Amino acid sequence: VSVKMSLRRAYSIKDKLQAIERVKKGERQASVCRAFGVPGGTLRGWLKDEAKLRWFLEQLGGEVGTQRKKMRLANEEEIDRAVYAWFLALRQHGVPLSGPLIQAQAEAFARQIYGPECTFKASHGWFWRWQKRHGISSQRIYGEGGLPAEPERAPATRAEVLPDAGGYGDEQIYNANVTRLFWKLLPGAGITARRPARGERVTVLLAANLTGSHKLKPLVVGGLRDPASLRHHNQEKFPACYRYSPEARLAPALLRAWFFEDFVPGVKRFLRRSCLQQKAVLLLSSAPSRSGSGAEDSPPLQTPDGSIRALFLSKGPSGSGLARAGGRIPAPLEQGVVSAFKQLYKRELLRLAVSCGGPGGPTDFVQSFLLKDMLYLAGLSWDLIPPGSIEKCWLLGLRAAFEPGGAEEEHG
């Protein structure tokens, strides 16, 4: 006989205090238990710990503590309180702060409190836990309006972009880039290899934000209208999306459909999960169309309220005269992320071919390797790229936007 056990729910301090206030106002404990879905013993324990709950909120010093579910302070409480008070004082005057600066100040406070022989180390893990305890998110601000409009006003507990700011944080800036891929061609195949079939060349669109914390599913555009290996599967569960195009190219209509059907919903979910403002910008290297109409002639890629939009780094498609004349800024994902994805895909493809060895060798593997398998392999290769590598490539890719060109140097 199988017994289904219900999952235990952890209640926040705010929920516990609300239940306590309802009981203190004269409501019956049985009705409060039904409202919160807890047994009577649990409610009586909350009532007994009321003083402890309020003391814990005073130690945290902020409304963010009401969302905590465990009354657990930092191991070094004096250092934690000193760093948070110093952080609030500087943020009140509009001083920008970074993670390494806060970590160095924490170690300085530790030496002042415990002496010069203190071995306290403000590691990345300590900094991450310190942010979570106080509800602080690290973001660099780009564009106009990134600084607070009223530096004399006390700051909020979250060091993030203000609702009326015109800038974007690191996690709100995205880039997408395309690459061509022979998805059945084993690495190392020389001139004696067979010629790839028509449906074995695809276009892959990769997109991620600046920090690499949000990588969208790769979009695979192939020349097969209805692949047999995908007919009876729920494609939403695949780690990559598949779309059809006659020449296996990312046409403007496909890019537009991907933007509104995949990119915008995925970004909104990520921003909501991260408690960030619902605004983002997608940087594209160039317009996908090679016709005479540029990206400015087509309807803009943006939501009706303009909160999520796409911008092109060049006014013409790649390969046009404008791009060759220096009007195209190299996209961040072109600085090694796309090539790393292809190398990882080829490595995993070769590893899979070796592990599935049969009497026919690579020939049997190529015949049994289906488009469904390719989508899983593409998703795996994209997940293997670390977020730190993506962030470094952003610095390389956008450096050209801030370096003066030859004509600018001549004219001073």
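What relative contact order, as a whole-number percentage, does segment 77-140 give when Cα pairs under 8 Å and 6 or more residues apart are counted? Walk me through the intermediate numbers first.
Working: 31 pairs, mean separation 21.3, N = 64.
Computed over segment 77-140, the figure is 33 percent.
Just check segment 212-258 against the gyration tensor rule for me: Cα atoms, a ≥ b ≥ c as the square roots of the eigenvalues, rounded for a/c under 1.5, and otherwise prolate or oblate depending on whether a/b exceeds b/c. Kindly include the intermediate steps, with their values, before the conclusion.
Numbers: a/c = 2.40, a/b = 1.11, b/c = 2.17.
Because a/c hits 1.5 or more and a/b fails to exceed b/c, segment 212-258 counts as oblate.
Sorting ASP80, ASP364, ASP226 by accessible area (1.4 Å probe), largest first, what list results? Walk me through the intermediate numbers first.
Numbers: ASP80 15, ASP364 65, ASP226 90 Å².
Heavy-atom accessible area, descending, gives ASP226, ASP364, ASP80.
Using label points projected 7 Å from each Cα along Cα→Cβ, tell me how many nm separate ARG269 and SER31, to one decimal.
4.0 nm
Please find the FRET efficiency linking HIS93 to PHE120, where r is the Cβ-Cβ separation and R0 is fixed at 35 Å, and quote it to the nearest 0.05.
Numbers: r = 27 Å, r/R0 = 0.77.
Approximately 0.85, to the nearest 0.05.
Grab the Cα-Cα distance for ARG225 and LEU352, subtract it from 0.36 nm times how many residues apart they are, and report the gain in nm with one decimal.
Values: separation 127, 0.36 × 127 = 45.72 nm, distance 2.63 nm.
Length difference between fully extended and current span is 43.1 nm.
Given a Förster distance of 22 Å, report the FRET efficiency between ALA108 and ARG129 from their Cβ-Cβ distance, rounded to the nearest 0.05.
FRET efficiency, ALA108 to ARG129: 0.70.
Multiply the residue gap between GLU77 and TYR11 by 0.36 nm, knock off their C-alpha separation, and tell me the result in nm, one decimal place. The partial results should precede the final answer.
Working: separation 66, 0.36 × 66 = 23.76 nm, distance 2.39 nm.
21.4 nm is the gain from fully extending GLU77 to TYR11.
Rounded, prolate or oblate: which one fits segment 77-140, using the alpha carbon gyration tensor with axes a ≥ b ≥ c (rounded when a/c is under 1.5, else prolate when a/b beats b/c, else oblate)? Walk me through the intermediate numbers first.
Details: a/c = 1.88, a/b = 1.50, b/c = 1.25.
Verdict is prolate for segment 77-140.
Could you pull out the pairs from LYS14/LYS121; LYS14/LYS215; LYS52/LYS279; LYS268/LYS342; LYS121/LYS342 whose alpha carbons sit more than 30 Å apart here? Don't jump to the answer; show the numbers that get you there.
Numbers: LYS14/LYS121 33 Å; LYS14/LYS215 34 Å; LYS52/LYS279 40 Å; LYS268/LYS342 28 Å; LYS121/LYS342 39 Å.
Check vs 30 Å cut-off fails for LYS14/LYS121; LYS14/LYS215; LYS52/LYS279; LYS121/LYS342.
The values are calculated or read from the model by the stated rules, or taken from the named source; none is laboratory data. Being a predicted model, the structure only gives us computed values, none of them experimental. Glycine also receives a Cβ, built like all others from the backbone with ideal geometry; neighbour counts cover every protein chain displayed. Surface areas here come from the heavy atoms of the whole protein model, side chains and all, with no ligands, DNA or RNA. Shrake-Rupley method; radii C 1.70, N 1.55, O 1.52, S 1.80 Å.
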